[in-house]
Each structure stands twice: as structure tokens, then as C-alpha cells.
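The values are calculated or read from the model by the stated rules, or taken from the named source; none is laboratory data. Quick caveat, the model's predicted, so the values are computed rather than measured. Quick reminder, even Gly has a Cβ in these numbers, built from the backbone with ideal geometry, and neighbours come from all protein chains shown. To get the accessible areas, we keep the full protein, side chains included, count just its heavy atoms, and leave off ligands, DNA and RNA. Shrake-Rupley method; radii C 1.70, N 1.55, O 1.52, S 1.80 Å.
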Amino acid sequence: MKSFALLSAVLALPFAAAAQLAPPPADADIQKMVGELSADRLKDDIYKLVSFGTRHTLSDTKDKKRGIGAARRWVEDEFRKYAKASGGRLKVEQDTFTVKPDGRRVDVKTVMANVMATLPGTDPNDNRVFIVSGHLDSRVTDVMNRTADAPGANDDGSGVATVMELARVMSTRKFPCTIVFVAVQGEEQSLIGSGYLAKKAKQLNWNVVGMLNNDIVGNSHGHDPDLSDAGRVRVFSEGVPANETPEQAQLRRQLSSENDSPSRQLARYAKQAGEQYVSGHQVELEYRPDRFLRGGDHTPFNQQGYAAIRFSEMNEDFTHQHQDLRTEAGRQYGDLPEFVDYEYLRKNTGVNLATLAGLALAPAAPQNVGVLTAGLTNRTQLKWEAPATGRQPAGYVVLMRETSSPVWQQRFPAQGLTADLPHSKDNYIFGVAAVDAQGHESLPVIPKPVR
């Protein structure tokens, strides 16, 4: 890792000399955590989830071996094992709530629960929260069939196993801010558990900086067309924020900044971090809120104004999703565990870990980032304020890319609260991130025009 003295020297370089700086330095402990992720444990967890027969949201909650209740209790028990290994720092609960019949996908009054494991931050002055989720419930062809076997190995046992493995590994470390690992209920019945949690976060004024949703992340071999994509994972992100105000919409149109929402910045960060720490694995940026005309558990967080993204495998095999278990014309239908690629799932879990750990270790993002517009010039002058929460950064970095580029192309270190770059704001998009002495970067903030 870079020492503070070395980083200070780098930050003091003139912008022109710093333009070709390498990406942020790798963190040896993040690399070690990624290496601790186990494909065998992911496999064991998915087979255990499948053993509950069905995890349909409206299935039995009292049976000790079958149904959503048994599955919830098992995930909670596993979280408690991780909590013990963490020295009691990981806090575990079933966050219960009652849902009334909605005339659509809930036909009886139902008590549901999100199974949560919260790793509190070590800095009492850092109120940032990061959330990573998968959905515990499963289904077959008929979304209201609560009794048939619905193994849900990939949809979404893969997401729940990802969350569990992240909690197991990351709870042995300390982070200045809070990380919430959650298996939500009710996704298949219209995003009920995530909707409840997103509204709760808003009501309690949680400072949710980023939410990562993992849904269908374990199969590397698609169907229709028949494709193998063991080396790629998709990350979906909204462009126009779901809660955009008329004033924000006007500014977005003026700046053509529809590709620079907070969720898009989170997706870019996941691509950079994932590809840095998971060798040979590509994170494909998908500029849609979700798959074509579809949604997931990140959607309610977007609706509440939070940066939230979805990870999903590259090419889904629909014969193994939302299907009654059967064999037709020699083809096996159903979401069974033998169709999951566990090494592929381990890599996708690593992308999540690199993203979460990098952001949680970094300082909070700078505030009130602005680009000066008082004078006509081909230079770009930026100013900003220090983060509003947590420790102070060692410095800052200005990121730059061409307007047509999907990813950041250059970085310029800066130690103060201003920057003057010999590059025109007409031709480039800029962002400012905070950085600590080890090189961990916050999410970048896109500047607003100021005089």
C-alpha cells in the first residue's frame, strides 16, 4: 500500500504530469478477502437452500424443514455463526413486517421477514451505509403456487449465497462505515421485502451511499441463444434518477448528464474494482435500470433516491427460471442446483466484495462539487467542499473522460479543494472523488455549474 508520505508526493504532481497515473493502488487485504471466498461454501449454501423444497413467500412458516420459515431461520442461524466469529460485532435479526392482501400476488394476510446481518462501522462520525442483497423466496410457473417444489437454486439462491459468503468473510474485518447484508423476502410477489427495507431506510434517514442487488448471478451458460459467458457479469444501473425533480431534470437536459447519475457512478466503480481484484472477469455496464422491461430489488431503492445497481449473469437460461420441475423432449426444466456454475458465482461474489470493501474503506465523497462558469475559457476550474461525514481525506482526485466514453479515462490528483485543468469542459466530463492515504477512492461526484 502507498504510505501517506508517498501519496502526498503523488498528489503534489502538476496535473499534466499526473494525467497518465495508473488506477488506484490495489489493497492487499481486499485481495486477501477475495481469495477467501469459497466456491465450495457457495455450493453448500445453495444446496441447503434448495433442500427446503419451496421458499415461496406464501409457503409454510412453521414447518422445521420445508418452506420460507425454515429457510429464514437457517439463514439467520448461519449469520449468527458469522457473528460469533466476528467477536459479536455482526448484528443479526429477522426484520418482520405484515403484508395485507393486494388482489394480485398476495392473497392472504402474511407476516414476512428480511433476514439481516449488520456490520456496524467503527467510526462513530461516519454515518454511511452500504447494502448488499439477494432474495430468499422462490417460485415455479404459477407465481401463486406455494406448495410445489420450487428449488430456486439460481433465482435467487445464488444471490442469497453471495450475501452469506460476503458476510462470512467481511465480518472478520473492520470498516469505518456500516455494511448491511440482507436476504429479502417477497421479490417474486412484487419486490415486497426490498420495498419495505427501502422505505424504512428513508424513514430512518439512513445515509445509504450504495445498494448492490444480486439476482440470478450463478449460471454462466445461457439458453436461446446457447452461449457460454463464464468470464462476464452484467451490472444494470438507472440513468435518469427515479426521484428526479423538475429542476434536476432541467439541469440534466442542459448538461446532457443522463449517463452520470449516482447509480451509473456506482456501476462504473463496480466495473473498475471488480476487474482490478477478480482476474480475467469482465463487468459489463448495462445502461438500463434492469433487464428489458423488468425490475429487481434495487428498484425500490432507486425509487427512494438511492444509488442502487443490479448484478446478473450475462445470458439467462429461462428453462431454469420460474419453471415447474419437469422433463420435455429430453430437456430438464427447473431451477436446480446442478445448473449453477459455482466458480463463476465465486467470481461474481468477488466483484461484490471488491466494490463494497473499496467504498467502505474510502472516505465519504466530497460535497458541493462545482465547475466555475463565470468566464469563457478552454480550461476547467473545479471547486468542492470536504465530506460531510467520517474522517477527512488525504486528498482528492479529479476524474475525466470524453463525453462518448462509458468509463473514466484519466485521473488528476489534487490536495486542496480546487483544481484548474488545461482541458475544456466542452469536450470532457469531470468527477471529483475523495481519497485516503492508501488510495481508496470514494464514488465520484459530477460538478454542477457555479459562478
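Out of all the residues in region 228-238, is one or more over 24 Å from residue 43 (Cβ atoms), surrounded by 15 or more Cβ atoms within 10 Å (Cβ to Cβ) and touching a helix residue (DSSP H, G or I) at 6+ places or on another chain (Cβ under 7 Å)? Lay out the reasoning, then the answer.
Applying the first criterion (over 24 Å from residue 43 (Cβ atoms)) to region 228-238 yields 236-238.
From what is left, the residues that are surrounded by 15 or more Cβ atoms within 10 Å (Cβ to Cβ) are 236-238.
Filter once more, so that each one left must be touching a helix residue (DSSP H, G or I) at 6+ places or on another chain (Cβ under 7 Å): 237-238.
Scanning region 228-238 turns up at least one residue that is over 24 Å from residue 43 (Cβ atoms), surrounded by 15 or more Cβ atoms within 10 Å (Cβ to Cβ) and touching a helix residue (DSSP H, G or I) at 6+ places or on another chain (Cβ under 7 Å).
Please go through region 164-179 and give me each residue that is within 24 Å of residue 391 (Cα to Cα) and basic (Lys, Arg), ordered by number. Break it down stepwise before answering.
Initially, region 164-179 is screened for residues within 24 Å of residue 391 (Cα to Cα), giving 170-179.
Passing the criteria: 173, 174.
Do we find that residue 192 is under 20 Å from the mean Cα position of the chain (by Cα), open to solvent by 10 Å² or more (accessible area, probe 1.4 Å), under 30 Å from residue 59 (Cα atoms) and β-branched (Val, Ile, Thr) in this structure?
Working: under 20 Å from the mean Cα position of the chain (by Cα): yes; open to solvent by 10 Å² or more (accessible area, probe 1.4 Å): yes; under 30 Å from residue 59 (Cα atoms): yes; β-branched (Val, Ile, Thr): yes.
So residue 192 passes the test.
Considering only residues of region 155-174 that are under 17 Å from residue 130 (Cα atoms) and touching a strand residue (DSSP E or B) at 6+ places or on another chain (Cβ under 7 Å), which is surrounded by the fewest Cβ atoms within 10 Å (Cβ to Cβ)?
171
Among all residue pairs at least 6 apart or on different chains, which show Cβ distances below 7 Å where the first residue, located in region 157-175, is closer than 16 Å to residue 30 by Cβ and the second is β-branched (Val, Ile, Thr)?
Pairs found: 165/349; 166/132; 166/349; 170/179; 174/122; 175/122.
For region 424-445, give me the residue count where each residue is part of a loop (DSSP other than H, G, I, E, B), open to solvent by 20 Å² or more (accessible area, probe 1.4 Å) and more than 17 Å from residue 363 (Cα to Cα).
Summing the residues that are part of a loop (DSSP other than H, G, I, E, B), open to solvent by 20 Å² or more (accessible area, probe 1.4 Å) and more than 17 Å from residue 363 (Cα to Cα) in region 424-445 gives 3.
Quick check: anything in region 348-363 closer than 30 Å to residue 420 by Cα and out of contact with any helix residue (DSSP H, G or I) (no Cβ under 9 Å at 6 or more places or on another chain)? Lay out the reasoning, then the answer.
Taking region 348-363 and keeping what is closer than 30 Å to residue 420 by Cα, we get 355, 358-363.
Next, only the ones that are out of contact with any helix residue (DSSP H, G or I) (no Cβ under 9 Å at 6 or more places or on another chain) stay: 362-363.
Yes, that holds for at least one residue.
Looking only at region 374-394, which residues are among the β-branched types (Val, Ile, Thr) and modelled with pLDDT of 95 or more?
Matches in region 374-394: 380, 389.
Which one is nearest to residue 45 (Cα to Cα) among residues in region 127-154 that are open to solvent by 10 Å² or more (accessible area, probe 1.4 Å) and of a type in the set (Asp, Glu)?
Taking the candidates together, the pick is 149.
Regarding residue 450, is this residue open to solvent by less than 70 Å² (accessible area, probe 1.4 Å), more than 30 Å from residue 122 (Cα to Cα) and in contact (Cβ under 8 Å) with a residue 40 or more places away in the chain? Steps first, please.
On the way: open to solvent by less than 70 Å² (accessible area, probe 1.4 Å): yes; more than 30 Å from residue 122 (Cα to Cα): yes; in contact (Cβ under 8 Å) with a residue 40 or more places away in the chain: yes.
In short, yes.
Conditions first: (1) touching a Lys or Arg at 6+ places or on another chain (Cβ under 7 Å); (2) closer than 24 Å to residue 158 by Cα; (3) in a loop (DSSP other than H, G, I, E, B). Residue 312 passes all but one, so which condition is the exception?
Only one criterion is unmet by residue 312, namely (3).
Out of (1) closer than 27 Å to residue 38 by Cα; (2) under 20 Å from the mean Cα position of the chain (by Cα); (3) open to solvent by 40 Å² or more (accessible area, probe 1.4 Å), the odd one out for residue 341 is which?
(2)
Just checking, which of 255, 353, 336, 266 is at pLDDT 95 or above and either within 30 Å of residue 147 (Cβ to Cβ) or open to solvent by 10 Å² or more (accessible area, probe 1.4 Å) (or both)?
On the way: 255 fails: at pLDDT 95 or above; 353 fails: either within 30 Å of residue 147 (Cβ to Cβ) or open to solvent by 10 Å² or more (accessible area, probe 1.4 Å) (or both); 266 fails: either within 30 Å of residue 147 (Cβ to Cβ) or open to solvent by 10 Å² or more (accessible area, probe 1.4 Å) (or both).
Result of the check over 255, 353, 336, 266: 336.
With respect to residue 348, determine if the residue is under 29 Å from residue 139 (Cα atoms), of a type in the set (S, T, N, Q) and modelled with pLDDT of 95 or more. Show your work before the answer.
Values: under 29 Å from residue 139 (Cα atoms): yes; of a type in the set (S, T, N, Q): yes; modelled with pLDDT of 95 or more: yes.
Criteria met by residue 348.
Kindly indicate the residue of region 290-331 that is of a type in the set (Ser, Thr, Tyr) and crowded, with 19+ Cβ neighbours inside 10 Å and also farthest from residue 187 (Cα to Cα) among those meeting that condition. Let's see the steps before the verdict.
First pass over region 290-331, keeping only residues of a type in the set (Ser, Thr, Tyr): 299, 306, 312, 319, 327.
This time we only want the ones that are crowded, with 19+ Cβ neighbours inside 10 Å, so: 299, 306, 312.
Values: 299: 11, 306: 19, 312: 15 Å.
Top of the filtered list is 306.
Looking at region 281-294 only, could you name the residues that are closer than 15 Å to residue 240 by Cβ and of a type outside the set (D, E, K, R)?
Passing the criteria: 287, 289.
Find the residue count for region 308-335, including only residues that are among the aliphatic types (A, V, I, L, M) and in contact with a strand residue (DSSP E or B) (Cβ under 6 Å, 6 or more places away or on another chain). Outline the logic, then answer.
Restricting attention to region 308-335, the residues satisfying the condition of being among the aliphatic types (A, V, I, L, M) are 308-309, 314, 325, 329.
Now restrict to residues that are in contact with a strand residue (DSSP E or B) (Cβ under 6 Å, 6 or more places away or on another chain): 308-309, 314.
Number of matching residues: 3.
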